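The structure appears right after this line, and notes come after that.
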Amino acid sequence: MSKTPGWQTRLLTTVKELSSTPFSWGKNDCCTFAAKCIDAQYGTNIYSEIVGKYSTELGSKKFTIQKVGTTHLPALLDIYLGERIEKNFAQRGDVVTFEGELGLTAGILWTGFVWAMGPNGVVTFPINKIKITDVWRV
């Protein structure tokens, strides 16, 4: 699948719109943030498939178990995003996972940074300060 024309502008607009939107399980968490960003780049509807399916951390784990039989975040991302790619080939706009304050966290790679949801909106993490564990490109 290819990114649609104007993807960079739509991605930046999405991140800006969420920059001060508080974290909320099932509405504005790391998975829904990644889904919104992928939808902005590719014209997909992943966000609509997951929004509102859970409202707590425990609910997110139950949702993941229902979908993939485990609570492992990368397994869930595999079913929505397809195959993982080698970390050395990661590009702007790719979904990544990294060890965050709440454990394994999904974010979006940008030049030298990863954007992910924090308690009060999007947080920027320098890639030299985090350990990226997996990468996906739709």
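The values are calculated or read from the model by the stated rules, or taken from the named source; none is laboratory data. The structure displayed is predicted, hence computed values, not measured ones. Every residue, glycine as well, gets a Cβ built from its backbone with ideal geometry; the counts of neighbours run over all protein chains shown. What goes into the accessible areas is simple: the full protein's heavy atoms, side chains included, and nothing from ligands, DNA or RNA. Shrake-Rupley method; radii C 1.70, N 1.55, O 1.52, S 1.80 Å.
Observations on the model:
- Global form of segment 23-95, assessed from the alpha-carbon gyration tensor, a/c cut-off 1.5: oblate
- Computed magnitude of the charge dipole of segment 4-91 (debye, nearest 20; Cβ of K, R +1, Cβ of D, E -1): 140 debye
- The share of accessible area on the chain that comes from carbon and sulfur is 52 percent, using a 1.4 angstrom probe.
- Whether segment 17-138 is rounded, prolate or oblate, judged on the alpha carbon gyration tensor where a/c under 1.5 counts as rounded: rounded
- Summary of packing: across the peptides 124-132, 36-44, 62-70, the per-residue average of other C-beta atoms within 10 Å ranks them, highest first, as 36-44, 62-70, 124-132.
- In the full protein context, the chain carries 54 Å² of accessible surface per residue, based on a 1.4 Å probe and ignoring ligands, DNA and RNA.
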